[in-house]
Amino acid sequence: MKRAVILAALLAAAPLLADSNMPAAAYANVQLEDPAQEAKAETLMESLRCLQCQGQSIADSDAQIAGDLRNQVRLRIKAGEEPEAIRAWLIDKYGDYVSYAPRVTGLTWPLFAAPLALIALAALLLRRRFTRSAA
């Protein structure tokens, strides 16, 4: 019984141990000094998905990885790198999932073509239905 209580206490405390004790990255929650650069960074951060939260952009997420990504974006913008180059770097590092604007590739083109094919099929079926009933 005593072991079960200790095990339950350890399992209940496990989420507390998952938090990092490290301080946030320098630009995780601090804006850039140049308003034009910060605007570029904000626009890019709003178009990137948090890898942990999955339903939020890195601009909106409080997850530590989102803070690290915000820091990387701001540092690279500050260094003069273009937002699309940063997006390409993040996609190369984390995959297409990190971007809310997926690329059309040889692997993903059916996902983009399928809705168009379904709309064309529906239009064809509706046309046949209405031309048959009119005759």
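Looking only at residues in the stretch 25-36 that are crowded, with 17+ Cβ neighbours inside 10 Å and among the aliphatic types (A, V, I, L, M), the one that is nearest to the chain's Cα centre (by Cα) is 28.
Looking only at the stretch 122-135, which residues are assigned to a helix (DSSP H, G or I) and either aliphatic (A, V, I, L, M) or under 30 Å from residue 41 (Cβ atoms) (or both)?
Within the stretch 122-135, 122, 123, 124, 125, 126, 134 meet the criteria.
Taking every residue in the stretch 113-134 that is within 30 Å of residue 102 (Cα to Cα) and pairing it with any residue that is in a helix (DSSP H, G or I), at least 6 positions away or on another chain, yields no pair with a Cβ-Cβ distance below 6 Å. Taken together, the residues in the stretch 111-135 that are loosely packed, with under 10 Cβ neighbours inside 10 Å and under 30 Å from residue 91 (Cβ atoms) amount to 2. Against the test of being modelled with pLDDT of 90 or more and outside the structural domain of residue 55 (by TED's automatic domain parsing), the options 127, 132, 87 yield a single qualifying residue, 127. So in the stretch 65-110, with the set limited to residues that are closer than 22 Å to residue 55 by Cβ and acidic (Asp, Glu), which one is surrounded by the most Cβ atoms within 10 Å (Cβ to Cβ)? Within the stretch 65-110, the match that is surrounded by the most Cβ atoms within 10 Å (Cβ to Cβ) is 68.
For the stretch 37-55, filtered to residues that are surrounded by 15 or more Cβ atoms within 10 Å (Cβ to Cβ) and under 10 Å from the mean Cα position of the chain (by Cα), the residue that is nearest to residue 70 (Cα to Cα) is 45.
The values are calculated or read from the model by the stated rules, or taken from the named source; none is laboratory data. Everything numeric here is computed off the predicted structure, so don't read it as measured data. Note that we place each Cβ from the backbone using ideal geometry, even for glycine, and neighbour counts take in every protein chain shown.
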